[in-house]
1. Could you check VAL245 against (1) in a helix (DSSP H, G or I); (2) at pLDDT 95 or above and say which number it fails?
2. Looking only at region 51-102, which residues are modelled with pLDDT under 95, of a type in the set (Lys, Arg) and assigned to a loop (DSSP other than H, G, I, E, B)?
3. Kindly list the number of the only condition in (1) open to solvent by 30 Å² or more (accessible area, probe 1.4 Å); (2) under 21 Å from PHE223 (Cα atoms); (3) in contact with a Ser or Thr (Cβ under 8 Å, 6 or more places away or on another chain) that fails for PRO145.
4. Going by what's in this entry, would ARG167 be described as basic (Lys, Arg), out of contact with any His (no Cβ under 7 Å at 6 or more places or on another chain) and either outside any loop (DSSP other than H, G, I, E, B) or surrounded by fewer than 22 Cβ atoms within 10 Å (Cβ to Cβ) (or both)?
5. Could you say whether any residue in region 182-193 is in contact with a Phe, Trp or Tyr (Cβ under 7 Å, 6 or more places away or on another chain) and either free of Cβ contacts under 8 Å to residues at least 12 places away in the same chain or over 26 Å from GLY340 (Cβ atoms) (or both)?
6. ALA194 - would you say it is over 21 Å from the mean Cα position of the chain (by Cα) and assigned to a helix (DSSP H, G or I)?
7. Going through ALA258, ALA279 one at a time, which residue ends up being free of Cβ contacts under 8 Å to residues at least 24 places away in the same chain and closer than 25 Å to VAL150 by Cβ?
Amino acid sequence: SMLLLGAVCAHCFTEIGVGNNLNAESGLALQTHGMEDRVGRYSQGRETPARGNNKERGGASTPDHFPPIISIDLDRPPMQRWVSIVPRFNASLHAAIAAFKADRVAYALLLSAADALLTVRRASDFLPPDELSELSSIAAIAAIPIGTLVALNGFYDLTASRKTSSRACTSIVAQSADGAVVHGRNLDYGLRAAMLNVTVVAEWRRNGRLLFTSVGFVGTVGFNTVLRHGSWSLSHDERDQGPLVANFIDLFLRHRVATFSMIRHVAEKAGTYTEAVAAVAAARLDAPSYFVIAGTQPGEGAIITRSRDADAGVYALDVPLGRWYVLETNYDLWVPPAHGDDRRHPAARALADLGPGGVTSDSLLAVLSSRRCNRSAGERPVLNSETVYTTVMQPAKSGSGAFTTILRTEQRSDECEAS
């Protein structure tokens, strides 16, 4: 049955593609779930989120804002961790899944196949027990088939391949002249309309203390943006390499853990930058990936380009060689970005304008909010039509300066502002 699921989905994605078309007509109403009272430490020192220039594509546009904050107590039994959270987002979760299905026929078929074939027992082959228990609880509370939630938690692994051409995400680690390391990312995705209302900042606690903070989506229990407080931060970018069928073999036959679940495991276990780098460099993956990691000390910042079974290269900060930042935009560093999706050069120019002496959390947020580019040269704004959220992290800091996330709810085009 797992091979049947793989065959059905691989056929769908091959026939109609997995490109990330934003269904601009989905008309999801944006909600804040009372977050105005809960932005807390993540908004201190910022009067309003940086927005960049907004160019409407039709319909109402909600100003960028800070996402809701939820708290997960890892000391509680897994079945109880989401009980007080899911009801707040239940309507948005159902609307997001409906928009997901409406975006592409392939996605609807994927979830239908998952509902029929992905039982809890079968999902245990590639999801850790705690996470599977959490998903079972969410499924019961929200009245959503467990197969749907399992598929959404493994969506990266089920779709990332050479057929995808996702144009998703920008990650940067930069070191200031005084040695401070700052990490920022834009998460871009064509399913932006489905994702906005379920995007949350999650604070994960153990033994009464804050262990790590992540950005994720209600209905999923893994993530691809995380700060382990006082230790390191990580952002994951899609790498579209290899055949999709290999993903299904790794996930369903070799029983490899889903990528976002692996990241959560690293967040729970790796106490240092060195341990985090070693863990993601060695993990057996279901799909190729880029992992961008920052630490607390000067020189601690790297892009780890991963195949399924090994790293294809580690590109690290090296200030003596003039490498005071590393930048990833979904393309191998040794090949040019695709024409029409060149975010690398606009971001590099914005960083060059800063220089090491200008690197701060606020200035990196400004780089990630930049819309300056040259469209005729095949460039695309760093902050673009598919940006879901922007996060800036500084592992060496504590309190309000360590972590900022902005939900990019304004509608934007991919037109460039003049450089």
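The values are calculated or read from the model by the stated rules, or taken from the named source; none is laboratory data. Computed from a predicted model, the values in this text were never measured in an experiment. All Cβ positions, even for glycine, are placed from backbone atoms using ideal geometry, and neighbour counts span all protein chains on display. Side chains are part of the model used for accessible areas, which takes the heavy atoms of the whole protein and leaves out ligands, DNA and RNA. Shrake-Rupley method; radii C 1.70, N 1.55, O 1.52, S 1.80 Å.
1. (2)
2. ARG51, LYS55, ARG57
3. Only one criterion is unmet by PRO145, namely (3).
4. no
5. Applying the first criterion (in contact with a Phe, Trp or Tyr (Cβ under 7 Å, 6 or more places away or on another chain)) to region 182-193 yields 187, 191.
The next check asks that each one be either free of Cβ contacts under 8 Å to residues at least 12 places away in the same chain or over 26 Å from GLY340 (Cβ atoms) (or both); those that pass are none.
No, there is no match, as no residue in region 182-193 is in contact with a Phe, Trp or Tyr (Cβ under 7 Å, 6 or more places away or on another chain) and either free of Cβ contacts under 8 Å to residues at least 12 places away in the same chain or over 26 Å from GLY340 (Cβ atoms) (or both).
6. no
7. Residue meeting the stated conditions: ALA279.
Here's the yes/no breakdown for (1) crowded, with 24+ Cβ neighbours inside 10 Å; (2) over 22 Å from VAL200 (Cβ atoms); (3) more than 18 Å from the chain's Cα centre (by Cα):
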residue	(1), (2), (3)
HIS345	no, yes, yes
ASP362	no, yes, yes
SER369	no, no, no
CYS373	yes, yes, yes
PHE403	yes, no, no
LEU407	yes, no, no
GLN411	no, no, yes
